[in-house]
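Colleague: Below are the structure tokens for one structure; questions will follow.
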Amino acid sequence: MTRKKLAAGPIVRNARKSAYAALALAFALSAAGCSGGETPGTGSADGETGAAGDKRGSITVSLYDRGTVPASEGTMDSNRWTKWVNENGPADVKYVTVPRFESLQKFNVLFASRQAPDLIFEFDTAYQGQLYNQKQLMPLDDLIAKNSTEYKAMLEKYPAIQKAATMEDGKMYLLGRPMELTPQHYLLIRKDWLDKLGLDVPKTPDEFLAVAEAFTQKDPDGDGQANTEGTGLSFVAGIILNHMYGTGFTLFGEDQIPWVLENDKVVHDWERIRSAISFQQKLYDAGVVDKDFVTDKNGEKQKQMWISGKLGIYGSNGADVGSYEALKQNVPDAEVIAMPLPETEFGSYSPLLSSPVQMTGMVNASAKDPVSVMKMIDFMVSDKYTNTIQNGIEGEHYTKTDDGRAKPIDPEKNKTELEYNRDMGMLTPLIGKNYGLKNKVSPTDAEKDFIKIYEQAEAAYMDPARPMVGITQRAYLPLLPQNLATINTNANKTMLDMAMQTIVGGGGQAAVDKFISDSQAVWDKAGGAQIDEFYATWYAENKDDAILMSDIYEMGKQMKEQQ
């Protein structure tokens, strides 16, 4: 099944002008922020009733585990913040942890054993669609209408969230939040290495390769050893280098988006994929990347090379101040800048930006106490929860400035006691005066440096003249019907394996050409033409109402103007 014109995002039957008028009004209203009163009914465990006299419920909630909880803080499912939730929230919560980079496997096991949590948080939009198609999700319209205050108010202020949550049957199944449009992926380069070697920031693929070779071969760190690498190729770096060629076919992940607009029609662009894989093969053959990048699926090895000062070009996920700070501790003289993606024969593109709306949550269709789940959702978008999860306890972790921003009392203490809880805020609105690095009251020296990097990324990546890749962001494409989703997943898994083998196997352009012809055969045999036709038909029928890439920039501009 597919989402009704709305796809996986706010694509509706209304005319675009009407939609934007509603959004503009909503963003204007949002300047005051979400209504934030504390949630009633916050008694202790064992069935104690709350202020409204309702019996206190008990629910399960999923929570990513990134392995970052300090031993002194406990574990991801039992620490000061999970305890705070159970002491202050409207229901007793048992957290079900899932490994961040193996979350889908864990969720599949939990669903198969009928142990999936009541409230599920997962960033992967394709997996959200899969659960919807499998009827694993609960419709939320009546639940919200009858039992919500905070979340209902947020939907009224940001109607795009409701549109993004609505599926083909006209009901809401997803939970989301408003976000500021910001750079999500950064291509960072060591400017001090460029200066030492007399090189400029690369502007073409050939220049990129030449710089990567110099970074690898000419001892840019001056230690007299051949121990540096020119560029990363795993995880985010691999995604970015494909985006450089204008293709959403990426090496890491099965959710591929290789469709582009040509002459106002959706086409499956194999030529962009050909050029992207050819370039990455050249990088690998030149010895400027980690030979074992294929197994570095979450980019951790690449990250360690970066922070140890041994990597020249790095694909960063988000404003990763922690990695930058670690780099500066190891190499105090390191100078880092965000670089525009080199221009290819297909044009100039930018890495991934955040979406103005992000869908992150779902309610299990088997949840036994959906009212308590809804109370918890309300609590999670309240000011009390938002301020606490983002900033800690007032008077202990922060004080308030005159303009209402949070000023850390002891930043080092907060690193230990606060930073690991970020995935508890997957419904927290990412907007306003307390959100974002640029709004920090007392930024550290590393943060001040990264604010400059962030501003460079804004200038380089947030220009519609250098757009993100594709027709629109993944969140705004229609969900594939289950049979097509299965075809897509299986075919892409085979093609990704073939792409990796082509990159590491050598053979030059002939090997790349063979990869493309073999991939086309795999796609055709699997029934991929049905998927190509599905997206082409969707665009032809919905292009006047759909939110396309240019519209996302406009939405982001409107959001920013209201902050």
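Colleague: What are the pairs with Cβ atoms under 6 angstrom where one residue, in segment 468-492, is surrounded by fewer than 21 Cβ atoms within 10 Å (Cβ to Cβ) and the other, located anywhere, is assigned to a loop (DSSP other than H, G, I, E, B)? Sequence gap at least six, or different chains.
Modeller: Within 6 Å, the pairs are P481/M1; I487/G527; T489/E254.
Colleague: Let me ask another. Has segment 419-441 got any residue that is surrounded by fewer than 20 Cβ atoms within 10 Å (Cβ to Cβ), free of Cβ contacts under 8 Å to residues at least 40 places away in the same chain, outside the structural domain of R80 (by TED's automatic domain parsing) and not charged (D, E, K, R)?
Modeller: yes
Colleague: Right, here's the next one. Look through segment 406-418, keep the residues that are surrounded by 15 or more Cβ atoms within 10 Å (Cβ to Cβ) and either charged (D, E, K, R) or touching a Gly at 6+ places or on another chain (Cβ under 7 Å) (or both), and return whichever of them is farthest from W84 (Cα to Cα).
Modeller: N414
Colleague: Give the residues of segment 509-531 that are under 20 Å from A485 (Cβ atoms), without any contact (Cβ under 8 Å) to a residue 12 or more places away in the chain and of a type outside the set (D, E), sorted by residue number.
Modeller: K525, A529, listed by residue number.
Colleague: Out of all the residues in segment 426-434, is one or more at pLDDT 95 or above, within 28 Å of R80 (Cβ to Cβ) and not β-branched (V, I, T)?
Modeller: Within segment 426-434, one or more residues are at pLDDT 95 or above, within 28 Å of R80 (Cβ to Cβ) and not β-branched (V, I, T).
Colleague: Out of segment 476-492, which residues are farther than 16 Å from M359 by Cβ and part of a helix (DSSP H, G or I)?
Modeller: Within segment 476-492, Q482, N483, L484, A485, T486, I487, N488, T489, N490, A491, N492 qualify.
Colleague: Here is a check on your reading of the model: is K191 of a type in the set (K, R) and modelled with pLDDT of 95 or more?
Modeller: yes
Colleague: Could you please let me know if V512 is surrounded by 15 or more Cβ atoms within 10 Å (Cβ to Cβ) and farther than 23 Å from Q184 by Cα?
Modeller: On the way: surrounded by 15 or more Cβ atoms within 10 Å (Cβ to Cβ): yes; farther than 23 Å from Q184 by Cα: yes.
For V512, the condition - surrounded by 15 or more Cβ atoms within 10 Å (Cβ to Cβ) and farther than 23 Å from Q184 by Cα - is met.
Yes/no matrix, rows are residues, columns are (1) under 17 Å from the mean Cα position of the chain (by Cα); (2) among the charged types (D, E, K, R):
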site: D423; (1), (2): yes, yes
site: E447; (1), (2): no, yes
site: A460; (1), (2): no, no
site: Y476; (1), (2): yes, no
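Residue by residue, here is whether (1) touching a strand residue (DSSP E or B) at 6+ places or on another chain (Cβ under 8 Å); (2) modelled with pLDDT under 95 holds:
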{"site": "A367", "(1), (2)": "yes, no"}
{"site": "S372", "(1), (2)": "yes, no"}
{"site": "D378", "(1), (2)": "no, no"}
{"site": "S382", "(1), (2)": "no, no"}
{"site": "G395", "(1), (2)": "no, no"}
{"site": "T399", "(1), (2)": "yes, no"}
{"site": "A406", "(1), (2)": "yes, yes"}
{"site": "E412", "(1), (2)": "no, yes"}
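The values are calculated or read from the model by the stated rules, or taken from the named source; none is laboratory data. Keep in mind that this is a model prediction, so the values were computed, not measured. All Cβ positions, glycine included, derive from the backbone under ideal geometry; neighbour counts span all protein chains shown.
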